[in-house]
Amino acid sequence: MTTPSQADFRMPTAAEIRAVSPKANSALVQALIADKEQYTRIGIDSPLIIAHFIAQVMTETGGLERLDEKLSYSQKRAIEVFSRAVLPAAKAAELAGRPRQFANWVYGNRLGNRGRDTDDGWMYRGSGYIQLTGRTNFRNRGFEIRMPLEDDPDLARKPNEGRSAALAYWDAARINRPANDNDIRRVRVLVNGPAAHGLATARYWFSQIWTKIYRAQASPLEAGSVVVPPPDDPALIDALLNENGYLPGGLEAGTDPAQSREEAVKSFQRDVGASETGVLDENTLYDLLDAWRLRDIREPAPPRPESLGEQSISFALAGGSGSAESTPIPTDAVQGSGQTVADVQIRQEDQAALAGARAKYADYEMGAARTNPDLWKPSASSRLIRVLRCNRPRTSLPGLSFRSCSRTGAASNSCAAAR
């Protein structure tokens with residue numbers, strides 16, 4: 001059944017988008033609003049949901065200025081943003097004003113990219129109406145939405161294809177539900193990840209879009225349930241300054257809010273190399289709205305440890321007791337060569353065997369109430385089972401075998417696995 005809100009739903013006009021974001025690129029605006037049917041087909045069919053979608057697009061694209069990440073840093077700004085371990089001062093000087101080389105250095109060995117000596121950092125830089133960064137993310141997003149983004153990353157940077165990719169991701173991530181619940185934090189988490197970087201920016205854009213475009217279109221129930229600050233509320237700017245570290249903890253009690261805000265804006269302007277006026281002009285506002293990206297670059301997902309050291313695994317069944325001591329099973333960390341092999345030359349029959357392979361566990365390992373005596377014959381002295389070194393087959397595959405061995409009781413040191 002169509003609700004009144006859905007019946008009245010319409011796409012924004014280009015003039016309405018530019019009233020919200022004066023710096024919006026005309027081609028990006030036209031592509032964003034071009035195909036209402038594509039939106040309604042995935043359930044974006046109410047003022048509230050479309051307002052959340054556009055707010056996230058504004059957050060990801062710097063107010064629809066561009067579909068790829070800004071990477072042209074001055075030497076001073078680059079040193080402020082990145083640690084010396086990532087970007088030494090000499091390297092910052094070398095890469096200043098060279099976005100392609102900068103991207104390959106900063107992103108080249110992260111996020112599935114194949115190294116700083118490749119062009120992956122640049123090709124898989126942040127891109128799209130809902131941006132993705134890194135070869136792995138392009139591959140995964142492309143798989144989710146059935147678009148060859150890894151093979152042709154420029155698709156994400158084209159207006160129409162980029163819109164389709166963003167809508168497909170929105171649908172795949174099931175963001176309509178939190179959007180319909182007006183849960184902007186959850187929407188941001190689904191777009192950006194658990195850290196929800198850019199939440200204050202998303203709140204700012206949502207306030208502008210809802211108040212200036214969609215509140216008048218909403219049903220009385222929907223309009224009454226959505227409470228947002230006025231577009232010119234200083235609290236929106238304070239939240240932006242706070243999120244980016246310029247008003248940590250917010251305004252202090254007993255201080256002049258306007259003075260504190262002015263000093264915070266001056267500090268931000270100093271950091272981005274702008275004139276320190278303390279006035280939030282249009283350029284400063286756009287820089288502040290886009291500042292959350294630096295946190296995304298500075299705070300990547302935790303890297304995999306270089307060495308895992310020695311590990312051991314043991315299983316202890318409930319019930320019974322025993323005094324046997326287990327010996328850890330050492331596992332050596334393996335480091336690859338880092339080289340990409342075009343043809344690994346795996347035989348067809350081996351590929352088929354690997355595809356169908358699965359681990360085979362005895363019932364006792366899976367916590368079953370009964371054990372198969374043909375698979376396991378524990379000694380009568382102990383019901384405590386500890387996994388030690390491997391001597392018996394567990395999983396068989398042509399040319400491959402995985403083995404395990406067990407110790408059952410203080411006096412026994414022989415394999416008791418399947419015979």
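The values are calculated or read from the model by the stated rules, or taken from the named source; none is laboratory data. All values reported here derive from a predicted model rather than from experimental measurement. Cβ sites come from the backbone with ideal geometry, for glycine too, and all protein chains shown count toward neighbours.
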- Query: Condition test on residue 103, is it within 21 Å of residue 118 (Cα to Cα) and surrounded by 23 or more Cβ atoms within 10 Å (Cβ to Cβ)?
  - Reply: yes
Restricted to segment 264-300 and to residues being loosely packed, with under 15 Cβ neighbours inside 10 Å and either β-branched (Val, Ile, Thr) or assigned to a helix (DSSP H, G or I) (or both), the residue modelled with the lowest pLDDT is 298
With criteria (1) crowded, with 20+ Cβ neighbours inside 10 Å; (2) over 29 Å from residue 24 (Cβ atoms), residue 259 comes up short on (1)
From the option list 55, 15, 24, single residue qualifying as under 15 Å from residue 213 (Cα atoms) and either modelled with pLDDT under 95 or surrounded by 14 or more Cβ atoms within 10 Å (Cβ to Cβ) (or both) is 55
Checked segment 259-295 for anything in contact (Cβ under 8 Å) with a residue 24 or more places away in the chain, touching a Gly at 6+ places or on another chain (Cβ under 6 Å) and of a type in the set (Asp, Glu); matches are 290
Residues of segment 188-218 being among the hydroxyl-bearing types (Ser, Thr, Tyr) and part of a loop (DSSP other than H, G, I, E, B), in sequence order, are none
Is at least one residue of segment 66-82 at pLDDT 90 or above, in a loop (DSSP other than H, G, I, E, B) and surrounded by 19 or more Cβ atoms within 10 Å (Cβ to Cβ)? yes
Scanning segment 134-157 for residues that are in contact with a strand residue (DSSP E or B) (Cβ under 8 Å, 6 or more places away or on another chain) and β-branched (Val, Ile, Thr) gives none
Those residues of segment 246-263 which are under 29 Å from the mean Cα position of the chain (by Cα) and either at pLDDT 85 or above or not assigned by TED's automatic domain parsing to the domain that holds residue 80 (or both) amount to 246, 247
From the option list 28, 67, single residue qualifying as touching a residue at least 40 places away in the same chain (Cβ under 8 Å), touching a strand residue (DSSP E or B) at 6+ places or on another chain (Cβ under 7 Å) and more than 18 Å from residue 175 (Cβ to Cβ) is 67
Take the conditions assigned by TED's automatic domain parsing to the domain that holds residue 46 and surrounded by fewer than 22 Cβ atoms within 10 Å (Cβ to Cβ) and apply them to residue 169. Does it pass?
yes
Residues in segment 103-129 that are within 21 Å of residue 88 (Cβ to Cβ), assigned to a loop (DSSP other than H, G, I, E, B) and either of a type in the set (Ser, Thr, Tyr) or without any contact (Cβ under 8 Å) to a residue 60 or more places away in the chain (or both) total 6
Pairs returned, first residue in segment 142-169 that is under 17 Å from residue 50 (Cα atoms), second residue that is among the charged types (D, E, K, R) and buried (at least 18 other Cβ atoms within 10 Å of the Cβ), beta-carbon separation under 8 angstrom, 6 or more apart or interchain, are 165/141; 169/141
Of the residues in segment 217-232 that are surrounded by 14 or more Cβ atoms within 10 Å (Cβ to Cβ) and within 30 Å of the chain's Cα centre (by Cα), the one that is nearest to residue 21 (Cα to Cα) is 231
